[in-house]
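A short worksheet on the structure shown next.
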Amino acid sequence: MSTDFTLHAKGREDTGKGASRRLRRLAAEIPAIVYGGKTAPSKISMNHKDVAKALENEAFYSHVIALDIDGKSQDVILKDVQRHPIKPVILHMDFLRVNKTTLLTTKAPIHFTNESVCVGVKVGGGIIAHTMTEIDISCLPQDLPEYIEVDMSAVELGQTLHISDIVFPKGVESVALSHGPDHDLPIVSINKPKAAPVEDDSAPAAADAGEASEE
């Protein structure tokens, strides 16, 4: 199980909103929690600058991360990020422990490729409408994909692709489809462009004709 990202953290004892605010304000650190497996949850703190830089990479959200806590490394994936609604500040993070023999469930971004040469757009003049940009998947850590690719080149005007149309990488399954065909949700469609409204010129013409007859 390979990891492409490493984060350094330290354990923390202080809990509560006041302690978290002090971490962010005085130490420029982010409070976080690590849970999962047979080990009790651990409260940690991480350098805000280092985490913010890692979050700029889309792959960080769907890769196994080597999390070094006080010199001891463990493999985790990112499960949740809480951000300030206005300021560019990360408020809290959740990490899930993983191991190479246990299936994990997480979200993966969907990348729609070949949209510019899509038949429904290039020939049919349609408009692409995405209904999903990420998808819940289940796999072993070593099979965790950076993203799920959907090829749009052959999609025609009026056609809708569903989860079942996705070609998943080996070892990766859709969580939704595991619950049955009723959960086969749409992910993207090619819609016909809305027709421009046509002005009705007949009414003014009829009115002009009526005025002329009165004269």
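The values are calculated or read from the model by the stated rules, or taken from the named source; none is laboratory data. Values in this document were obtained by computation on a predicted structure and should not be read as measured data. Glycine also receives a Cβ, built like all others from the backbone with ideal geometry; neighbour counts cover every protein chain displayed. Remember, those area values only see protein heavy atoms, side chains included, never the ligands or the DNA or RNA. Shrake-Rupley method; radii C 1.70, N 1.55, O 1.52, S 1.80 Å.
Can you tell me which condition Asp94 does not meet? The list is (1) closer than 21 Å to Ala59 by Cβ; (2) outside any strand (DSSP E or B); (3) of a type in the set (Asp, Glu), and all the others hold.
Just one mismatch for Asp94, condition (2).
Yes/no per residue for (1) touching a strand residue (DSSP E or B) at 6+ places or on another chain (Cβ under 6 Å); (2) charged (D, E, K, R); (3) outside any strand (DSSP E or B):
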position: Gln142; (1), (2), (3): no, no, yes
position: Glu149; (1), (2), (3): yes, yes, no
position: Ser153; (1), (2), (3): no, no, yes
position: Glu156; (1), (2), (3): no, yes, yes
position: Ser178; (1), (2), (3): no, no, yes
position: Ser189; (1), (2), (3): yes, no, no
position: Pro193; (1), (2), (3): yes, no, yes
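Could you grab me the full set of residues in region 140-179 that are modelled with pLDDT of 95 or more and open to solvent by less than 30 Å² (accessible area, probe 1.4 Å)?
Ile148, Val150, Met152, Val155, Leu161, Ile163, Ile166, Val172, Ser174, Ala176
Of the residues in region 43-74, how many are β-branched (Val, Ile, Thr), more than 24 Å from Glu146 (Cα to Cα) and either open to solvent by 20 Å² or more (accessible area, probe 1.4 Å) or in contact (Cβ under 8 Å) with a residue 60 or more places away in the chain (or both)?
Going through region 43-74, the residues β-branched (Val, Ile, Thr) turn out to be 44, 51, 64-65, 69.
Now drop any that are not more than 24 Å from Glu146 (Cα to Cα), which leaves 44, 69.
Adding the requirement that they be either open to solvent by 20 Å² or more (accessible area, probe 1.4 Å) or in contact (Cβ under 8 Å) with a residue 60 or more places away in the chain (or both) leaves 69.
Total satisfying the criteria: 1.
What number of residues in region 118-135 are part of a helix (DSSP H, G or I) and either surrounded by 14 or more Cβ atoms within 10 Å (Cβ to Cβ) or modelled with pLDDT of 95 or more (or both)?
Narrowing region 118-135 to residues part of a helix (DSSP H, G or I): 119-122.
Subsequent filtering for residues that are either surrounded by 14 or more Cβ atoms within 10 Å (Cβ to Cβ) or modelled with pLDDT of 95 or more (or both) retains 119-121.
Summing the residues that are part of a helix (DSSP H, G or I) and either surrounded by 14 or more Cβ atoms within 10 Å (Cβ to Cβ) or modelled with pLDDT of 95 or more (or both) in region 118-135 gives 3.
Pull up region 75-105, narrow it to residues that are in contact with a Phe, Trp or Tyr (Cβ under 9 Å, 6 or more places away or on another chain) and touching a residue at least 24 places away in the same chain (Cβ under 8 Å), then point me to the one that is surrounded by the fewest Cβ atoms within 10 Å (Cβ to Cβ).
So the residue we want is Val81.
Give me a count of the residues in region 34-89 that are charged (D, E, K, R) and closer than 25 Å to Ile135 by Cβ. I'd like the intermediate steps shown before the answer.
Let us first name the residues in region 34-89 that are charged (D, E, K, R), namely 38, 43, 49-50, 53, 56, 58, 68, 70, 72, 75, 79-80, 83, 87.
From what's left, closer than 25 Å to Ile135 by Cβ: 56, 58, 75, 79-80, 83.
So the answer is 6.
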